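Below you'll find the structure, written out as structure tokens, and then a few comments.
What follows draws every value from the coordinates through simple rules; no lab data is involved. Remember, predicted model here, so these are calculated numbers, not experimental data. We place every Cβ from the backbone using ideal geometry, glycine too, and count neighbours over all the protein chains shown.
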């Protein structure tokens, strides 16, 4: 009971935070009960039966939840494919009943060989969870209102809402924005949400915008803490690892923002979900490859690997790099053939190929360009003068081709500082290099940084590689600190010194202010100034340590500084400056949804069948911008109404992303890859005839017309040719075929 008490803190914070964004007690109880009994508990039982318990309930909960998600994914696919998804609750119940009824399975309800972690571990990780949950609910969720409460919605959230609705009705899923085509995207996180909606009967918007993310954030922290403890065999590294993930979210208590700080993510559910699978798979692979585990853990690992591969394209390359590099180490260091690593690597490659061919969408438009990620920095243009957008250019960064070598070097070093937590793990090249688990972590880090520095994606999505790799770096860095602490005197003092040093560096880095002034040399100086000061500060600290302090354990200070630098900088900046110009809620004019549009979309969702197809002119935002070259990220019908569309926002399709840079336009401003669908929709709304409306029904199976009159193109002859079912403001909804 003493060890369970700390976990009441994050639970209380989550409940309070959800209540503050107007989530009532009933949805909270239903969803948390569903996750505990329908995901975590079945997963814990399956994990213990296939392998063993970790010896404590907290780590079992983290790893077991991932296993439970893999089990639910199987059930969701089966039940949805045969059309009985509303009975999905039977699937987790099967596990609970079997483990209660079969005598040989009953023993897994308890931990046979308890290995409890210290109460300080529980308090440390629980506080980290409370920080993340508080920042998410009181900051990010309060900023992003959910339908039908808001006036504007970040486009990616409506896009994910469209996939969630689609995955509640079909396996394999169709592309909601282009009915009849396969959904080519890494949609496993959305499928997990669909299973949650099927079981809880809560609204898809409630699950996506408010409830789904919270337990998975806890699972991310628990699995990262487990990975750190597994490799270091030191309990407090888990607390440090969880704290390193939680600390960047502290500034959310002082300011609103559009998103959580990396590597956690609210606007990309696939990123948060993939990390849980990636970290759990890493723990299992370490046990299989280096700790002698076998048997059912192979099956569990494969299931979790497939779950991760379908969640984000970054997962399997990192795991392949981890297993591959550790296999090379075992082959050359121990002079034996690492058959386990070879088998694991082969399974990972096969899983990766399968995922790439089926659920690794949104990768089109990507190319190879060394240091393309530098173009995402606000300092890039002032320092280099290069205006080349992401996704364009050759193999070499255009700034380098133009001779901006000094500027690129400065920007690259600043990039390393900004990603200090993802760099810290490379310290494993030191004294721990004889442990194969160290090479496993290094392999994941190398693969992550390779993707980060070499891939050039139109939306800068190569950043997800280093975000996914960051927990591996954190686990590695805490391992280095634990190893140093064994020989250091008063390591807790060194930890405190690390916090002070990180604060000093953060203050120096906050000197980056205005860049768009003066000559090119003056702009470069403003960019380079904090870097030069940081280098000078480093030289002074090294000299002081070497000639004045002269004590072991200095690496602890380095690790703590790297892990906390970014967190302290963002926290201090927001406390000092704040963001008073930002509204309390997301209200970007480009993504404004007018009340009549939202009301009509909700009516349509309530009065149409889940598989009905809708033709609408809502593919561009803002509303009324139907001219060629508009931003094709409109998801009112597929998102808010939750219905398949003849054609809606096509920007995130592989076909559109492949057109990045054509005619000097970004992928989201390109014309539709399906001009026939755009043409017939416009014809039906602007020049309707009985023949056109019949073609919509016969050739495209359209049942509804959603006519948004803000662009002034709606021909009111439709009132005579189709049945007007609903009208509000500038929106009219017609039903065809009756």
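Taking every C-alpha pair closer than 8 Å and separated by at least 6 residues, the mean separation divided by the residue count of the chain gives a relative contact order of 14 percent. Take each peptide in 197-207, 681-691, 110-120, 665-675, count the other Cβ atoms within 10 Å of every residue, and average; sorted highest first, the result is 197-207, 665-675, 681-691, 110-120.
Computed from Cα positions, the angle between helix 119-134 and the longest principal axis of the chain comes to roughly 30 degrees. Computed over the stretch 99-237, the quotient of the alpha carbon radius of gyration and 2.2 N^0.38 Å is 1.37. Descending by average beta-carbon neighbour count within 10 Å, the peptides 298-306, 655-663 line up as 298-306, 655-663, the highest first.
Using the alpha carbons alone, the radius of gyration of the stretch 292-388 stands to its Kirkwood radius in an Rg to Rh ratio of 1.14.
Mean silhouette area of the stretch 488-570, derived from the convex hull of its C-alpha atoms and averaged over all directions, reads 5.9 nm². Residue-normalised convex hull volume from the C-alpha trace of the stretch 204-266: 84 Å³ per residue. For the stretch 261-335, the spread of Cα coordinates along the three principal axes comes to 47, 26, 17 Å, biggest extent given first. Summary value for the stretch 41-183: 23 percent relative contact order, contacts being C-alpha pairs under 8 angstrom separated by 6+ residues. Helical content alone sets the calculated 222 nm signal of the chain at -17500 deg cm²/dmol, taking -39,500 (n - 2.57) per DSSP H segment of four or more residues and averaging over every residue. Legend: ranking of residues 726, 186 from fewest to most surrounding C-beta atoms inside 10 Å; resulting order 726, 186.
All distinct Cα pairs of the stretch 348-453 go into the 1/r average, and the inverse of that average, the Kirkwood radius, is 16.1 Å.
Rg over Rh for the stretch 1-117 works out to 1.02, using Cα positions for both radii and the Kirkwood form for Rh. Residues 435, 192 in ascending order of nearby Cβ atoms (within 10 Å, fewest first): 435, 192. Expressed as an acute angle from 0 to 90° and rounded to the nearest 10, what is the orientation of the C-alpha long axis of helix 520-544 relative to the principal long axis of the chain? It works out to around 30 degrees. Ordered by the count of other Cβ atoms within 10 Å of each Cβ, fewest first, 160, 333 give 333, 160. Taking the square roots of five times each eigenvalue of the Cα gyration tensor of the chain, the equivalent ellipsoid has semi-axes of 43, 33, 24 Å, listed largest first. Each part gets one Cα centre, and for the stretch 364-387 versus the stretch 235-283 those centres are 26 Å apart. Computed from Cα positions, the angle between helix 339-358 and the longest principal axis of the chain comes to roughly 20 degrees.
Please report the relative contact order for the stretch 195-286, taking Cα pairs under 8 Å with a sequence separation of at least 6, and give it as a percent rounded to a whole number. Provide the component values of the computation, followed by the final result.
Details: 67 pairs, mean separation 26.1, N = 92.
Dividing the mean separation by the residue count of the stretch 195-286 yields 28 percent.
First obtain the Kirkwood hydrodynamic radius of the stretch 589-735 from its Cα pairs, then insert it into the Stokes-Einstein equation at 4 °C and 1.567 mPa s, and state the resulting D in µm² per second as a whole number.
Working: Rh = 15.3 Å.
The diffusion coefficient I find is 85 µm²/s.
The stretch 162-204 and the stretch 296-350 have Cα centres separated by 29 Å. Across all directions, the average projected area of the convex hull around the alpha carbons of the stretch 12-62 is 3.9 nm².
What FRET efficiency do you get for residue 723 and residue 81 if R0 is 35 Å and r is their Cβ-Cβ distance, rounded to the nearest 0.05?
Numbers: r = 33 Å, r/R0 = 0.96.
The pair residue 723/residue 81 has a calculated efficiency of 0.55.
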